[in-house]
Amino acid sequence: MTTTATTPVVSTPAAQARPLPRTRRRTLAPGKRLPASRLIGPGLVLVLWAAASAAGQLDPAAIPAPWTVLRTAGHLWSDGTLSTDVLTSLERAGYGFALGLTAGVVLALAAGLSRVGEALIDGTVQLNRAIPTLGLIPLFILWLGIGETFKIAIIAIVVYIPIYLNLHAALSGIDHRFVELAEVQGLSRVRFVRQIVIPGALPGFFVGLRLGVTGSWLSLVVLEQINATSGLGYLMFQAQNYGRTDIILVGLLIYGVFGLVSDSAVRIVERRVLSWRRTLSN
């Protein structure tokens, strides 16, 4: 009777069962956003618009088809009318936004970092916020005339208010424990502002910046229809007199594109500057 020797199986660490790494699943967070996901909604609206126009469900005199609007935009651009008006609108919005941004940041810092500044500035800004900005147009026309100055001034007022409010709220909302920690560490005023105040106030600043960018375009479309001789608003006002809804839609679409692009640019800068902050999309 022969016996066969069995070789004992030696278990090695590689052969042993390893516990699978547990991945942390976030069931409540939406996750990272898809690239260009913000274009899905406008693209869907455009598809529905084109489909309704092709099916004859829309009155061409009231709402022209997308291809009609695109053809009109091409004609206006080829004869130089649209390019001139676009550059004029961009210049007005740019000057007004720059002035409003500077005023909002300076006033918010003065009011947020000084009790004397808050006593002098915050109440005045809140009073200005309670007054409808468009209601200031007749007064500013009397003060500054009907030229470009009053348009830029109105845009600056529309821009600086949300920037001031959000930045001032962010400065006021900095945790007092950080202030106490800075005092214990003996930080100078400059280092305190650079290391504590600025990082804590940046999220609020970017919220105000986005609102200010949008506000500059919203105010521009109204101002360019008041004693103006150029600009997208003037182009739309002239088209209204002749019943050209296609030209009006061209101006509205350009305003919308400008607003979306400028808001997206602010969001990109915000995401890069605040890369250290954990949010639902991270």
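The values are calculated or read from the model by the stated rules, or taken from the named source; none is laboratory data. Just so it is clear, the structure is predicted and the values come from calculations on it, not from any experiment. Counting neighbours? That spans all protein chains shown, and the Cβs are built from the backbone with ideal geometry, glycine included.
Scan the range 182-204 and give yes if some residue there is within 26 Å of the chain's Cα centre (by Cα), closer than 12 Å to VAL105 by Cα and in contact (Cβ under 8 Å) with a residue 40 or more places away in the chain, otherwise no.
Checked against the condition, which is being within 26 Å of the chain's Cα centre (by Cα), closer than 12 Å to VAL105 by Cα and in contact (Cβ under 8 Å) with a residue 40 or more places away in the chain, the range 182-204 yields at least one hit.
Hey, could you check the range 27-42 for residues that are assigned to a loop (DSSP other than H, G, I, E, B) and either among the small types (Gly, Ala, Ser) or loosely packed, with under 10 Cβ neighbours inside 10 Å (or both) and say which is modelled with the highest pLDDT?
ALA36
So ASN241 clears everything in (1) modelled with pLDDT of 90 or more; (2) more than 14 Å from the chain's Cα centre (by Cα); (3) not hydroxyl-bearing (Ser, Thr, Tyr) except one condition, right? Which one?
The single condition ASN241 does not satisfy is (1).
Counting just the residues of the range 226-244 that are exposed (fewer than 13 other Cβ atoms within 10 Å of the Cβ) and of a type outside the set (S, T, N, Q), which one comes out nearest to GLY147 (Cα to Cα)?
The qualifying residue nearest to GLY147 (Cα to Cα) is TYR242.
Of all residues in the range 110-119 being surrounded by fewer than 19 Cβ atoms within 10 Å (Cβ to Cβ) and touching a helix residue (DSSP H, G or I) at 6+ places or on another chain (Cβ under 8 Å), which is farthest from ALA156 (Cα to Cα)?
Only one residue tops the list, namely LEU113.
Mind checking which pairs have a first residue in the range 44-60 that is at negative phi and a second that is surrounded by 13 or more Cβ atoms within 10 Å (Cβ to Cβ) and among the polar types (S, T, N, Q), Cβ under 8 Å, 6 or more apart or different chains?
Pairs that qualify, where the first residue is at negative phi and the partner is surrounded by 13 or more Cβ atoms within 10 Å (Cβ to Cβ) and among the polar types (S, T, N, Q), are PRO60/SER53; PRO60/THR68.
Which of the residues belonging to the range 179-212 are of a type in the set (Phe, Trp, Tyr) and either exposed (fewer than 15 other Cβ atoms within 10 Å of the Cβ) or touching a Leu at 6+ places or on another chain (Cβ under 6 Å) (or both)?
Listed by number, the list holds a single entry, PHE205.
Please go through the range 214-269 and pick out each residue that is closer than 22 Å to ALA65 by Cα and outside any helix (DSSP H, G or I).
TYR242, GLY243, ARG244
Quick one: which residue in VAL45, VAL86, VAL69 is at pLDDT below 90 and either among the aromatic types (Phe, Trp, Tyr) or farther than 30 Å from ILE174 by Cβ (or both)?
Going through VAL45, VAL86, VAL69 in turn, the sole match is VAL45.
From the residues in the range 158-170 that are touching a Phe, Trp or Tyr at 6+ places or on another chain (Cβ under 9 Å) and among the aliphatic types (A, V, I, L, M), which one is farthest from GLY117 (Cα to Cα)?
VAL159
Go through the range 86-100 residue by residue and tally those that are surrounded by 20 or more Cβ atoms within 10 Å (Cβ to Cβ) and within 25 Å of LEU202 (Cβ to Cβ).
4
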